[in-house]
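Below: one structure, written as structure tokens.
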Amino acid sequence: MPSIPDKNGIITALTDEEADVTRRRRKEFGAFAIIYDFMLERFTRPRVHKADPQQHREVLANLIAPVQQAKVLDVACGTGGAIAHFHESNDYTGLDISYGMLKQAVKKAQRKSFNACRFIQGNAEQLIFNDESFDFVMMDTALHMIPNYQLAITEIARVLVNDGAFMCSTPAMGINREFDVTWEKMSAKYSLHSLTVPDIENACQQAGLCFQQCDANGGILYFQAYKGRQSAI
Ligand SMILES: C[S@@+](CC[C@H](N)C(=O)[O-])C[C@H]1O[C@@H](n2cnc3c(N)ncnc32)[C@H](O)[C@@H]1O
């Protein structure tokens, strides 16, 4: 793994293989990074996901708070919205395809004193880490836009230690009717997946992860998936 960050604190590890939609998205998020947090709070979360932004933060905080003194990977970390919820005793790695989004995340991390912390520009479909490198992996609001989302989950399972947990929030069909109507109109236009709970559970099972639904907030599904367990607790 490349280990030397550039002047903005980011390690670039982009792979040659990148789907056209991912390349386009990398540029779009880069252009949009400075206003991303504002747009998510005021527009995308309430109007598209039909979800309450404050409830989203509370659910994430509850799921993340028990994670301490752990090696954590935040896949598609974006501007680092989850950083605030992590205990400082953790060794945090944020990975995203967009350099501009990562620059915002670096600023959030500078306000904390993580045990260790690094930011990597890379692709969720081809994680550059060794097997069993992380105790906890999370992905907030990104699974629906990763072209081969099953491969991303397989990669996450690979880099998790045995008994490690994957925590994810994602827009999902079939849990909120109002969201479903909106999403049906826009998902194809923006090349976004219309994932169902069985789609996600199946991808987790294929990757050797034991799926457990945790919560829902409008059209946002929260789940955890455990490596090396036969059944959820
Ligand atoms: C909707 S944003 C979510 C960001 C952050 N996790 C949050 O909840 O605010 C989706 C993020 O996924 C990133 N992304 C999209 N495709 C990716 C890929 N293939 N690999 C890594 N990151 C990707 C985008 O750059 C963007 O930052």
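Overall, the chain carries a charge dipole of about 740 debye about its Cα centre when +1 sits on the Cβ of Lys and Arg and -1 on the Cβ of Asp and Glu, all other atoms neutral. Net charge of the neighbourhood of residue 64, taken over other residues with C-beta under 12 Å away and scored Lys/Arg +1, Asp/Glu -1, is -2. Residues considered: 112, 189, 103. Largest GNM mean-square fluctuation over the chain, using C-alpha springs under 10 Å, is found at 189.
Under a 5 Å amide H cut-off, with hydrogens placed 1.01 Å from N, residue 214 pairs with 222, 223, 224 among residues at least 5 apart or on other chains. Rolling a 1.4 angstrom probe over the chain with all protein chains present gives an accessible area of which 48% lies on carbon and sulfur atoms.
For segment 140-188, chymotrypsin sites (Phe, Trp or Tyr not before Pro) meeting the loop criterion (DSSP other than H, G, I, E, B) and having at most 13 other Cβ atoms within 10 Å: none.
Checking the table 71/227; 50/71; 71/108; 71/112; 27/185 against a 26 Å threshold on Cα-Cα, which pairs fail? Correct reply: 50/71. For segment 1-74, the list of trypsin sites (Lys or Arg not before Pro) that fall in a loop by DSSP and count at most 15 other C-beta atoms within 10 angstrom reads 7. When you filter the GluC sites (Glu not before Pro) in segment 25-115 for DSSP loop state and at most 12 other Cβ atoms inside 10 Å of their Cβ, you are left with 88.
Of all DSSP beta bridges confined to the chain, the antiparallel ones make up roughly 40%. For the pair segment 18-86 and segment 157-233, the centres of their Cα atoms are 15 angstrom apart.
Around the amide H of residue 137, modelled in the peptide plane, lie the amide H atoms of 73, 165, 166, 167, all under 5 Å away and 5 or more residues distant in sequence or on another chain.
Between residue 55 and residue 163, the distance separating the two model label sites (each 7 Å from Cα on the Cα→Cβ line) works out to 3.4 nm. The simple Förster model, with R0 at 30 Å and r as the Cβ-Cβ distance, assigns residue 116 and residue 214 a FRET efficiency of 0.60. Solvent-accessible surface of the chain, taken per residue with a 1.4 Å probe and all protein chains present: 47 Å². Here's the picture: charge each Lys and Arg Cβ at +1 and each Asp and Glu Cβ at -1 in segment 1-78, and of 3, 36, 61 the one pushed furthest to the positive end of that dipole is 36.
From its DSSP helices (H runs of at least four residues, each -39,500 (n - 2.57)), the chain gives a residue-normalised ellipticity at 222 nm of -10000 deg cm²/dmol.
The values are calculated or read from the model by the stated rules, or taken from the named source; none is laboratory data. None of these values were measured; they are calculated from a predicted model. When we count neighbours, we look across all protein chains shown, and the Cβ atoms used for this are built from the backbone with ideal geometry, even at glycine. These accessible areas exclude ligands, DNA and RNA; they are computed on the full protein's heavy atoms, side chains included. Shrake-Rupley method; radii C 1.70, N 1.55, O 1.52, S 1.80 Å.
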